[in-house]
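Here is the structure we will look at, set down as structure tokens.
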Amino acid sequence: MVLKPNQALVLFSGGQDSTACLAWALDRYDHVETVGFDYGQRHRIELDQRLVVIDAMRTNFPSWRPKLGDDHLLDLTLLGQISETALTRDTAISMAETGLPTTFVPGRNLLFLTFAAALAYRRGLGILVGGMCETDYSGYPDCRRSTLDAMETALNLGMDVHYELASPLMDLTKAQTWALMHDLGGDDLVEITVEHSHTCYQGERDQRHGWGYGCGICPACALRASGWAAWQAQRQDFSQIEQRS
């Protein structure tokens, strides 16, 4: 089995980070497919927003349209059944005794990568793209690059192929992620992300902030809002420098 090194499968939740990853992959590879996971998440509205974001990508970026292939949605609800977390139960988001927030779902990214690799094997896709980040993040151990390196080795050994696990956001702050999206797709991509992506852990889409929809107080919203504010401040500073010069 030979996987195609110029074709990618993006782990696509429908959130800000995975939207950035999808744009990054479309800018880089010849063929890109997407995969989402239904694991019983309480913010399952993200599953609906996935398709809205994909449709907006096809509509607004003609050069990416022929590269954007099939979307896949895998049923991993068993994970939700065995996870007592704030993402899979209607419980308060807080810090646990482990030092991790109660939004940490043990094994989630490990399972996501394993199932994504199995799907990519069948589809002949050599690149797995994930939005894991260890810069502005909640401390999840399965978001660290060392975890992805270990998974890459295990998947390549266990399936006897060569996958590359790409994590374009790994060393970026949330402000830098906003900047990356603007570099890749300009104001159109930023607006798609603000209007259509979903990151809020509470699953709320009643209130639109400058950075998008959400409750405004959960950890995901807090990270997104602070990154947006930092990026806007950087853009303003750059604009003032240009005006003076």
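Quick note: the coordinates plus some simple rules give every number you see, no bench work behind them. Quick caveat: nothing in here was measured; it's all calculated off a predicted structure. In this analysis, Cβ positions are derived from the backbone assuming ideal geometry, glycine residues included, and neighbour counts consider all displayed protein chains.
Values computed for the structure shown
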{"read-out": "Net charge of neighbours whose Cβ lies under 14 Å from the Cβ of residue 153, counting Lys and Arg as +1 and Asp and Glu as -1", "value": "-3"}
{"read-out": "Among 64-75, 206-217, 4-15, the order from most to least packed when residues are scored by Cβ within 10 Å on average", "value": "4-15, 206-217, 64-75"}
{"read-out": "5 angstrom amide H check on residue 72, placed H, neighbours 5+ away", "value": "34, 35, 36"}
{"read-out": "The chain - share of DSSP beta bridges that are antiparallel (%, nearest 5)", "value": "15"}
{"read-out": "Two-decimal log10 I(q)/I(0) for the chain, as the Debye equation yields it once each C-alpha is a single scatterer, q = 0.09, 0.11 Å⁻¹", "value": "-0.37, -0.56"}
{"read-out": "Point-charge dipole on Cβ atoms (K/R +1, D/E -1) for the chain, about Cα centre, debye to 20", "value": "80"}
